[in-house]
Amino acid sequence: MHAQDHNTTADSDIVVELAGVHKTFRQKQRSERLRDALRNILRPPIREVQALRDIDLRIRRGEIVAYAGPNGAGKSTTIKLLSGMLTPDQGSVRALGMDPVRQRVRYVQRIGVVFGQRTELWNDHPIAASFEWKRVVWDIPRPRYERMKGLVIEVLGLGEFFNSLTRELSLGQKMRAELGLALLHEPEILFLDEPTIGLDVLAKRTILGFIKELNRTERVTIMVTSHDMAELEQLAGRIVMIDRGRLAFDGPFERLRRELSDRRRLLIETPNGTAPVLHGAELMNSQPGRHEYVFDAAQVRIADLLEQASAQTQILDVETHRAPIDEVIADIYSRWRR
Amino acid sequence: MEDRRSRIEERDPPSSILYPLSSIRRLLRLWKLYALMDFMLIAADLKLGLTYYLSDAILNIAAVTGMLLLAERFAGIGAWTHDQIIFMLGYATVANGIVNLLGGYNVMMISRRVGRGQLDHTLAQPQPIWMALLTEGFMPFSSSAVLIPGIGLLAWALGRLGLAIAPGWLALLALNLLASAAIVLAFSFIWGSLAFWAPRAAEEISSSTVNMLSQLKVFPLDGLGPLLLGGLLTFLPVGFIAWYPSRALLGIDPSPWGGWLTPLMALLLALLAAGVFHKGMLHYARTGSQHYSGFGHRS
């Protein structure tokens with residue numbers, strides 16, 4: 001599998017560009033043994049963690065890009081680099097034609113960042129106060145502020161708790177308010193780091209729907225990280241995958257499925273309880289008369305599997321469908337770890 | 001979208017000669033915002049707010065009461081008369097009030113923000129870091145529980161001392177008070193910057209330094225040996241929080257330039273703090289925050 005750049009894109013349309021980016025963190029290692037106590041203080045062993053290695057990435061204006069990878073792959077580091085919070089060790093990071101760290105003040109005026117595990121809301125104040133704070137600090141002109149406030153209150157359903165204290169809200173309500181807050185200044189790029197973490201299905205649906213709508217109507221460029229692949233597939237056309245700091249895949253979800261494996265499920269109903277043995281398919285689940293297999297459609301034809309099955313027993317019914325994207329990704333992660 | 005981008009570019013101020021003016025306007029706008037937020041915080045629950053206010057006032061008066069009683073019992077301490085001691089205690093309380101006025105939301109305890117990874121919140125804002133730190137902690141209503149009793153104490157002392165108060169002297173008093181507060185904040189930032197390199201171990205170092213200065217500031221330092229006194233005016237600049245500026249303002253110190261020594265020290269420490277903090281910020285930009293404590297927004 002190869003990382004693929006979007007080389008056909010016109011340069012003027014590129015809003016995010018990472019070129020040859022490396023980032024390494026140094027972690028002190030400490031032994032628990034008493035005899036190592038002095039060494040722990042004076043010269044603790046250092047472990048270098050390569051968070052990003054030679055990352056090249058370009059994002060066009062108006063794209064929604066899913067940024068995925070296992071824990072510790074380097075997703076949050078990338079978002080921090082693009083939010084002006086961190087500098088790369090090597091390579092260059094440019095967004096909206098600016099250096100996010102050197103031109104931070106001007107740059108952050110034009111982007112929005114939401115960290116699913118952090119909050120920009122003022123905990124002891126109502127949501128309304130956090131919105132007003134944002135208006136003043138971001139220096140948002142009053143008409144634009146009122147328009148955007150009205151929009152996010154309506155679409156994200158903030159009205160019912162707009163005057164409630166942040167600390168009294170549920171996680172879902174806070175996250176909706178957080179997203180609304182991040183959009184008040186109409187950012188051109190939105191970086192979302194696990195924006196739906198811990199949310200219920202309804203809250204997720206509201207937030208994802210709004211993000212898609214925002215991208216469609218305002219052409220806001222969105223880069224989103226999540227561990228929920230189904231959610232990412234629903235949201236983004238393009239997925240960038242990162243593993244141990246390296247870009248492992250960059251392209252549409254469809255190609256990801258095709259290149260990795262066309263993993264499918266096959267459900268066969270038979271009159272007796274024994275599951276037929278199918279070469280090229282793995283039995284996932286078997287109940288009396290109902291057997292579920294998983295197979296790679298790029299390697300094995302369904303017709304061949306059915307022929308094998310019918311040679312062993314009578315087939316009453318057949319169902320086949322694609323494996324959920326989470327299953328495909330879990331396969332990839334475990335392959336990477338091997 | 002295109003129009004909006006153009007507006008932002010036009011508004012970008014650093015290259016403009018009007019930048020200082022626009023910075024002052026912005027500072028005033030932000031102070032107004034944070035003052036309103038502070039008021040709303042207290043007014044949200046009046047009973048709770050008043051209880052907090054009253055207990056804070058009692059706590060701060062109690063902090064200087066010990067020295068006040070000693071001065072009362074012995075009709076002064078050393079070269080200081082009883083009323084001069086009251087002046088010094090009033091001065092110390094007002095200086096502390098100014099620190100609290102600007103140092104809310106852990107600006108005063110900067111090592112907490114650094115250690116908890118909360119500087120990311122500051123970096124996400126479209127304004128220089130110094131401006132964010134100078135305004136975010138502005139809490140005029142909460143801090144007045146310290147400031148008002150302090151001003152009362154100072155006014156009482158001035159009344160009893162019977163000084164002929166000229167506007168120039170009052171301006172020098174105000175300048176010294178600001179300088180003493182700046183010394184506390186600068187000292188907190190100098191030590192607090194250690195948290196850039198040792199976020200967990202140094203998370204509480206600012207509170208230790210501020211508390212140490214707060215506890216020692218009420219003692220008149222006369223009669224100490226030159227080595228100890230020198231240390232208390234440099235490495236641990238507690239002498240500039242109340243003792244030395246009070247000496248200078250009340251004319252106990254014969255030097256004609258004594259009134260300018262505390263502002264000079266404040267300037268030096270502020271420069272040192274800015275340098276150390278800047279170095280820490282560069283380190284922070286390279287390493288980021290290794291952990292984040294979810295104690296809510298900047299608290």
Helices (runs of 4 or more DSSP H) contained entirely in segment B:168-257, each with at least 2 residues that are surrounded by 20 or more Cβ atoms within 10 Å (Cβ to Cβ) and small (Gly, Ala, Ser): B:243-250
Set B:46, B:102, B:68, B:89: member being modelled with pLDDT under 90 and touching a helix residue (DSSP H, G or I) at 6+ places or on another chain (Cβ under 9 Å): B:68
Any hit, segment B:84-95, residues being touching a residue at least 24 places away in the same chain (Cβ under 8 Å) and either of a type in the set (S, T, N, Q) or not in a helix (DSSP H, G or I) (or both): yes
Qualifying residue in segment A:41-62 (condition: within 12 Å of chain B (Cβ to nearest Cβ), without any contact (Cβ under 8 Å) to a residue 60 or more places away in the chain and touching a Lys or Arg at 6+ places or on another chain (Cβ under 6 Å)): no
Within segment B:23-77, tally of residues that are out of contact with any Leu (no Cβ under 9 Å at 6 or more places or on another chain), over 15 Å from residue B:138 (Cβ atoms) and within 14 Å of chain A (Cβ to nearest Cβ): 6
Residue B:142, sole failed condition from (1) buried (at least 21 other Cβ atoms within 10 Å of the Cβ); (2) closer than 23 Å to residue B:28 by Cα: (1)
Inter-residue pairs, beta-carbon under 6 Å, first more than 10 Å from residue B:176 (Cα to Cα) and in segment B:238-260, second of a type in the set (Phe, Trp, Tyr) and crowded, with 24+ Cβ neighbours inside 10 Å, 6+ apart: none
Selection status of residue A:65, away from chain B (no Cβ under 13 Å) and either over 22 Å from residue A:190 (Cβ atoms) or surrounded by 15 or more Cβ atoms within 10 Å (Cβ to Cβ) (or both): yes
Given (1) facing chain B (nearest Cβ under 7 Å); (2) over 30 Å from residue B:39 (Cα atoms); (3) not hydroxyl-bearing (Ser, Thr, Tyr), number of the condition residue A:81 does not satisfy: (1)
Number of positions in segment A:268-290 that are without any contact (Cβ under 8 Å) to a residue 40 or more places away in the chain and surrounded by 13 or more Cβ atoms within 10 Å (Cβ to Cβ): 10
Leading residue by the ranking (surrounded by the most Cβ atoms within 10 Å (Cβ to Cβ)) among those in segment B:108-136 that are in contact (Cβ under 8 Å) with a residue 40 or more places away in the chain and part of a loop (DSSP other than H, G, I, E, B): B:109
Total residues in segment A:184-207, condition assigned to a helix (DSSP H, G or I) and in contact (Cβ under 8 Å) with a residue 24 or more places away in the chain: 5
Test for residue A:84: is it part of a loop (DSSP other than H, G, I, E, B) and either closer than 22 Å to residue B:120 by Cβ or of a type in the set (Gly, Ala, Ser) (or both): yes
So residue A:27, is it under 30 Å from residue A:84 (Cβ atoms), loosely packed, with under 13 Cβ neighbours inside 10 Å and not β-branched (Val, Ile, Thr): yes
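Yes/no matrix, rows are residues, columns are (1) modelled with pLDDT of 95 or more; (2) of a type in the set (A, V, I, L, M, F, W, C); (3) in contact with a Gly (Cβ under 8 Å, 6 or more places away or on another chain):
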{"site": "B:171", "(1), (2), (3)": "yes, yes, no"}
{"site": "B:178", "(1), (2), (3)": "yes, yes, no"}
{"site": "B:236", "(1), (2), (3)": "no, yes, no"}
{"site": "B:257", "(1), (2), (3)": "no, yes, no"}
{"site": "B:263", "(1), (2), (3)": "yes, no, no"}
Residue count, segment B:55-66 (criterion: within 19 Å of residue B:160 (Cβ to Cβ) and either surrounded by fewer than 17 Cβ atoms within 10 Å (Cβ to Cβ) or touching a Phe, Trp or Tyr at 6+ places or on another chain (Cβ under 7 Å) (or both)): 1
Considering residues of segment A:190-215 that are over 15 Å from the mean Cα position of the chain (by Cα) and within 14 Å of another protein chain (Cβ to nearest Cβ) only, the residue surrounded by the most Cβ atoms within 10 Å (Cβ to Cβ): A:214
Residue list for segment A:84-94, filter: polar (S, T, N, Q) and either more than 12 Å from every other protein chain (Cβ to nearest Cβ) or under 15 Å from residue A:57 (Cα atoms) (or both): A:90, A:92
Checking residue B:84 against (1) modelled with pLDDT of 90 or more; (2) more than 23 Å from residue A:107 (Cα to Cα); (3) within 12 Å of chain A (Cβ to nearest Cβ), the condition it does not meet: (3)
Helices (runs of 4 or more DSSP H) (entirely within segment A:97-183) containing at least 2 residues that are closer than 30 Å to residue A:19 by Cβ and within 9 Å of chain B (Cβ to nearest Cβ): A:104-108
Those residues of segment B:73-83 which are of a type outside the set (Ser, Thr, Tyr) and free of Cβ contacts under 8 Å to residues at least 60 places away in the same chain, in sequence order: B:73, B:74, B:75, B:76, B:82
Residue within segment A:232-242 that is more than 17 Å from the chain's Cα centre (by Cα) and assigned to a helix (DSSP H, G or I) present: no
Flag for residue B:8 being in a helix (DSSP H, G or I), over 24 Å from residue B:161 (Cα atoms), at pLDDT 85 or above and within 14 Å of chain A (Cβ to nearest Cβ): no
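Here's the yes/no breakdown for (1) under 19 Å from residue B:101 (Cβ atoms); (2) of a type outside the set (Gly, Ala, Ser):
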position: B:158; (1), (2): no, yes
position: B:161; (1), (2): no, yes
position: B:165; (1), (2): no, yes
position: B:172; (1), (2): no, yes
position: B:176; (1), (2): yes, yes
position: B:180; (1), (2): yes, no
position: B:194; (1), (2): no, yes
position: B:198; (1), (2): no, no
position: B:201; (1), (2): no, no
Yes/no for residue A:27 being more than 19 Å from residue A:242 (Cβ to Cβ), assigned to a strand (DSSP E or B), polar (S, T, N, Q) and over 19 Å from the mean Cα position of the chain (by Cα): yes
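The values are calculated or read from the model by the stated rules, or taken from the named source; none is laboratory data. In this text the structure is predicted, and so the values were computed from the model without any measurement. Cβ coordinates were reconstructed from backbone atoms using ideal geometry, including for glycine residues, and neighbour counts include every protein chain displayed.
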